[in-house]
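Below: the structure, in C-alpha cells.
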Amino acid sequence: MCMSDGSDRWCFFMTPAALASCGDCLGDRNVRVHLGVPHMIIVSEISGEIIEEALRDLEAAGALEEHTMLIVDQD
C-alpha cells in the first residue's frame, strides 16, 4: 500500500484455517509454529472487503504503520 507520505508498506492476511496448514512443524509433531510477525493480520474470514475494512480500522486507530512493514527500495 502507498502511504500518504509516499512510502510503500505491506502486510499479509491469514485465516485460522490457513495457519493450521502452514508454518514450521514443531519437532516430530504435527503442530505448527508461527512466530507472529507484526505485519501478519489474522481474520476469521477473508475477502477484499474484509481486508479493506481491517486496514481502515487500523488507520483510524493510528496503528496502520505498526501493523505493516516498510518496503525499502533496493535499486
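The values are calculated or read from the model by the stated rules, or taken from the named source; none is laboratory data. Predicted model only: the values in this text are computed from it and were never measured. Here the Cβ positions follow ideal geometry from the backbone for every residue, glycine too, while neighbour counts run over all protein chains shown. We work out accessible area using only protein heavy atoms, side chains counted, and drop any ligands, DNA or RNA first. Shrake-Rupley method; radii C 1.70, N 1.55, O 1.52, S 1.80 Å.
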Problem set entry | Residues that are under 25 Å from residue 23 (Cβ atoms) and open to solvent by less than 100 Å² (accessible area, probe 1.4 Å), drawn from region 42-63 | 42, 43, 46, 47, 48, 50, 51, 54, 55, 58, 63
Seminar exercise, completed: Of the candidates 64, 58, the one satisfying the condition of being part of a loop (DSSP other than H, G, I, E, B), in contact with a Leu (Cβ under 6 Å, 6 or more places away or on another chain) and modelled with pLDDT of 90 or more is 64
Seminar exercise, completed: Residue hits (region 17-44; closer than 24 Å to residue 63 by Cβ and either under 12 Å from the mean Cα position of the chain (by Cα) or not polar (S, T, N, Q) (or both)) are 18, 19, 34, 35, 36, 37, 38, 39, 40, 41, 42, 43
For this session: Within region 3-13, identify whether any single residue is in contact with a His (Cβ under 8 Å, 6 or more places away or on another chain) and open to solvent by 90 Å² or more (accessible area, probe 1.4 Å), and answer yes or no.
Result: yes
Seminar exercise, completed: Checking 52, 65 in turn, the sole residue that is without any contact (Cβ under 8 Å) to a residue 12 or more places away in the chain and out of contact with any helix residue (DSSP H, G or I) (no Cβ under 6 Å at 6 or more places or on another chain) turns out to be 52
